[in-house]
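Visitor: Sharing a structure below in C-alpha cells format, with a few things to ask.
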Amino acid sequence: MMDMPLLRVRNLSVTYPSDDGDFRAVRNVSFTLGRERLGIVGESGSGKSTTGRAIMGLARHPARVQADELLLGDIDLRRQTERQLRRLRGKRMAMVLQDPKYSLDPVMSVGQQVAETHRTHLNSSKAEAKAAALDMLNAVHIRDPERVYAMYPHQVSGGMGQRIMIAMMLIAGPELLIADEPTSALDVTVQSQVLSIMDELVRSRGMGLILISHNLHLVSSFCDRVLVMYAGQIVEVCDAGRLADAQHPYTRGLLAALPELGHRRRDLPQLQRDPAWMDDIITPLETRMPPPGA
C-alpha cells in the first residue's frame, strides 16, 4: 500500500490579470512529494517561485490560485482561511526565501525572531522559547549561539543570516520545507555548508524538501528527483542523478549552456525555443513517478 504523500498537487494554476488579459504564471502543475528532496529548476520567470508561494498560500491579490487538488497530508489547502494558513505556516510547512536581508525584521534580534516562531506555534513560555531557539541555532552550526541570539540582522553575514532563517523555519518541526534559491546570494563554500545543514536536518527529521533553483549542478547533486519548468509548466521529470540524460529539448538546452571547468567556449549555445513546448505539459505527474516508498 502506498504511504500518503506529504504533499499532493494536481493541476495547480496561478493567474494574474493584466491590461492585455490574464497572464498564467503557473499552468496545470501536478506532482507529489514524499519524504524526499525534490528539485524544481528552470529559467527566471518559469514559475518556480510562484509555485512554491501558491502552495504556502502566499500568492497575494490579485493572483488567482486554482487547483484540482492541493493537499498537505490530509489537509486541503484550498479550503483554509488566511488565519488557518498562518497556523499551518511554520508548524506544518515552512519556506526559506532567497535573501535573509529582506526576510528578517531589522528591529528585532535574530534570536527573538527564532524564539517567536516557537512561542507562536507551540505556545511555549519565553524561557522555553529562548532555550529552544538556542538549541536550534546550535543545530544549524552557529558558534556561540548566546552571542548570536542578541545580534540584529545587519550584524550577521549572509551565510549566518541564511542559517538563522533555516533555524526559524524549522524550530516548530514542520513536515514540509520549501527552499527558494536559499544559496543564491552566498559564495560557493558557504553554499555547500548551508546545503549540508539543510540535508542533515531534513534527513534526521524525516521531512519533505522542495528546493527551487536555477543551478542544475546543485540540484542534480543534492536532490532525489527534479522537475523542469518552462513557461509555468512542467516539461520533464527525472531522477536527479540522471539529469544529464534528460530528453526534453528545453532541458537539453539548459544543460548545454552550463559552463564546464577547464573547457573554454567562445560562445554559449543559444536555446532554440519551440512554441510546441507550451503544449508539452506533464500531468498528472503522480501517474508517471510515485514518491519513494510506493
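Visitor: Take the eigenvalues of the Cα gyration tensor for the chain, scale each by 5, and report the square roots as semi-axes in whole Å, largest first.
Guide: Semi-axes, largest first: 32, 24, 18 Å.
Visitor: Any idea what the dipole of the range 95-148 comes to, in debye rounded to 20, about its Cα centre with Lys/Arg Cβ at +1 and Asp/Glu Cβ at -1? Before the final figure, lay out the partial values.
Guide: Details: 6 positive and 7 negative charges, 12 e Å.
That gives a dipole near 60 debye.
Visitor: Still on this model: Highest first, please rank the peptides 150-157, 37-44 by the mean number of other Cβ atoms sitting within 10 Å of their residues. The partial results should precede the final answer.
Guide: On the way: 150-157: 14.1, 37-44: 21.8.
With the highest mean Cβ count within 10 Å placed first, the list reads 37-44, 150-157.
Visitor: Follow-up. Could you put Tyr16, Tyr102 in order, starting from the residue whose Cβ has the fewest other Cβ atoms within 10 Å?
Guide: Ranked by crowding around the Cβ, least crowded first: Tyr102, Tyr16.
Visitor: Something else: Counting other beta carbons within 10 Å of each Cβ, put Lys48, Lys101 in order, fewest first.
Guide: Final ranking by Cβ density, sparse to dense: Lys101, Lys48.
Visitor: Could you give me D for the range 1-101, from Stokes-Einstein at 10 °C and 1.306 mPa s, where the hydrodynamic radius is the Kirkwood radius over C-alpha pairs? Units µm² s⁻¹, please.
Guide: Working: Rh = 14.6 Å.
Here the translational diffusion coefficient equals 109 µm²/s.
Visitor: Another question, if that's okay. Could you work out the helix-only [θ] at 222 nm for the chain, with each DSSP H run of four or more residues adding -39,500 (n - 2.57) and the total divided by the number of residues, to the nearest 500 deg cm²/dmol?
Guide: Rounded to the nearest 500, the figure is -9500 deg cm²/dmol.
Visitor: Based on the Cβ-Cβ distance from Arg79 to Arg242, what FRET efficiency comes out when R0 is 30 Å, to the nearest 0.05?
Guide: Efficiency for this residue pair is about 0.20.
Visitor: Three principal axis extents, largest first, for the C-alpha atoms of the range 97-193, in Å?
Guide: The principal-axis extents, from largest down, are 38, 29, 22 Å.
Visitor: Quick one: Val29, Val226, Val202, fewest Cβ neighbours within 10 Å first, how do they rank? Display every interim value, and only then the final one.
Guide: Numbers: Val29 28, Val226 25, Val202 19.
Result, fewest neighbours first: Val202, Val226, Val29.
Visitor: For an R0 of 30 angstrom, estimate the FRET efficiency from the Cβ-Cβ distance between Tyr152 and Glu128 and round to the nearest 0.05.
Guide: Once the sixth-power term is evaluated, E becomes 0.85.
Visitor: Could I ask something else about it? What full-extension length gain, to one decimal in nm, is calculated for Arg252 and Ala276 as 0.36 nm per residue of separation minus the Cα-Cα distance?
Guide: Working: separation 24, 0.36 × 24 = 8.64 nm, distance 1.56 nm.
Separation in residues times 0.36 nm, less the Cα-Cα distance, equals 7.1 nm.
Visitor: Moving on to the next point. Is the shape of the range 175-240 rounded, prolate or oblate, going by the alpha carbon gyration tensor and its root eigenvalues a ≥ b ≥ c, with a/c under 1.5 for rounded and a/b larger than b/c for prolate?
Guide: In terms of gyration-tensor shape, oblate.
FYI, it's all coordinate maths here, none of it is from the lab. Everything numeric in this text was worked out from a predicted model, so none of it was measured. Every residue, glycine as well, gets a Cβ built from its backbone with ideal geometry; the counts of neighbours run over all protein chains shown.
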